[in-house]
Amino acid sequence: MTSVPITFERLFEPTFLAALSRWSLPARRVAAGGRHGERLSLEAGAGLEFRDHRPYCPGDDLRAIDWNLFLRLRRVFTRVFDEEQDLPVYLLPDVSGSMFHDGDGPPAIITALRCALALAAAGLCHHDSAALLPFSSRLEVAFQPGGGRARLLPFARRLAALAAAAGGAPTSLEPSLTTAARMNLRRGLLVVISDFFDPGGAAALAAALRPMRHRVLLVQVTRPADAAPAVAGDVRLTDCETGDAADLTVTPGVLARYRAAYSRFNDELAAVARARRAGLLRVDAGAALLPQLARLLGPGGITP
């Protein structure tokens, strides 16, 4: 667990907060049934942008009939328009024990929660809605879906409260994401922010995403020590989530096998994202966060 308290000021310094309102979430058309927003709905509605004509059906608004077209063709057509609605964004930060481990550098939870706030701000500042659903061994509802800039500061305070809780539970992706899939949530963008160190590996993630109706973005929080741990000789390794310990002699051959296993893990995670047509953003917790988020939220960013 982390030995340094994770305060609101440590998580969200003024320069970081000031940068957030400049960005917005890239997304395709959104599902109907939400509030008015800036996203084109999958359904035609009563917006301002003309989309197409369709044959008149009983019950259609008479004001939408194109009378000029009727005079030319002697057939009745209704004009349909693009409906603009909000994009629901469901943020699932991993608050399990591994995210709080600070053996080499700052714990990954700091980067994870800062990512969650950045994505929430990108939505809330542009008429989208955001919800906070943290998970470890199970999923919880920490912040109900809702929109408006006024929700950003309470959202940040709730994230800081998650950091102060210093999670110790193990990672369980499959039951947590299965719970999210079964919730009666309007279709939107589901963002999983995690190191993805689940005992079930990438297969557990693939199984959990299979019934998901939402578009998915995976944000993998990595640390330099994940790929190249600074250990050698006789060591005792302790699992920060379960407490299980193992004595090991770390040789160059052992490190080579570990690096190969970690590389396979990353390849498998990328394969799950491709198969699910999900976005995948890898974020280095040891580097400045804002330039990395620009790959997602800036012009030409990832579109889940």
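At-a-glance table
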item: Residue in segment 214-237 that is assigned by TED's automatic domain parsing to the domain that holds Ala261 and without any contact (Cβ under 8 Å) to a residue 12 or more places away in the chain present; result: yes
item: Output for segment 67-91, where each listed residue is within 30 Å of Leu218 (Cα to Cα), at pLDDT 80 or above and assigned to a loop (DSSP other than H, G, I, E, B); result: Leu87
item: Test: residue in segment 263-273 that is crowded, with 18+ Cβ neighbours inside 10 Å, small (Gly, Ala, Ser) and either closer than 17 Å to Ala112 by Cα or within 20 Å of the chain's Cα centre (by Cα) (or both); result: yes
item: Residue in segment 115-129 that is outside any loop (DSSP other than H, G, I, E, B) and without any contact (Cβ under 8 Å) to a residue 24 or more places away in the chain present; result: no
item: Only listed residue being at pLDDT below 70, surrounded by fewer than 21 Cβ atoms within 10 Å (Cβ to Cβ) and touching a Ser or Thr at 6+ places or on another chain (Cβ under 6 Å), chosen from Ala27, Ala64, Ala32, Ala44; result: Ala32
item: Every pair of residues 6+ apart whose Cβ atoms lie under 6 Å, when the first sits in segment 262-280 and is in the same structural domain as Phe196 (by TED's automatic domain parsing) and farther than 17 Å from Thr222 by Cα while the second is at pLDDT below 95 and among the aromatic types (Phe, Trp, Tyr); result: none
item: Failed condition for Ile193, given (1) without any contact (Cβ under 8 Å) to a residue 60 or more places away in the chain; (2) in contact with a strand residue (DSSP E or B) (Cβ under 6 Å, 6 or more places away or on another chain); result: (1)
item: Helices (runs of 4 or more DSSP H) enclosed by segment 207-304 - at least 3 residues per element that are not aliphatic (A, V, I, L, M); result: 252-276, 289-297
item: The one condition in (1) aliphatic (A, V, I, L, M); (2) closer than 30 Å to Ala112 by Cα; (3) at pLDDT 75 or above; (4) out of contact with any helix residue (DSSP H, G or I) (no Cβ under 7 Å at 6 or more places or on another chain) that Leu20 fails to fulfil; result: (4)
item: Residues that are surrounded by fewer than 21 Cβ atoms within 10 Å (Cβ to Cβ) and at pLDDT 80 or above, drawn from segment 102-117; result: Pro106
item: Residue in segment 153-166 that is within 28 Å of Ala18 (Cα to Cα), outside any helix (DSSP H, G or I) and in contact with a Leu (Cβ under 7 Å, 6 or more places away or on another chain) present; result: no
item: Residue under evaluation Gly147, criteria (1) modelled with pLDDT of 85 or more; (2) in contact with a Lys or Arg (Cβ under 7 Å, 6 or more places away or on another chain), criterion not met; result: (1)
item: Leading residue by the ranking (surrounded by the fewest Cβ atoms within 10 Å (Cβ to Cβ)) among those in segment 252-261 that are in contact (Cβ under 8 Å) with a residue 12 or more places away in the chain and not aliphatic (A, V, I, L, M); result: Arg259
item: Residue list for segment 217-262, filter: touching a helix residue (DSSP H, G or I) at 6+ places or on another chain (Cβ under 8 Å) and among the aromatic types (Phe, Trp, Tyr); result: Tyr262
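The values are calculated or read from the model by the stated rules, or taken from the named source; none is laboratory data. This structure is a prediction, so every number in the text was calculated from the model and none was measured. A quick note on method: Cβ atoms are made from the backbone with ideal geometry, for glycine too, and the neighbour counts reach across all protein chains shown.
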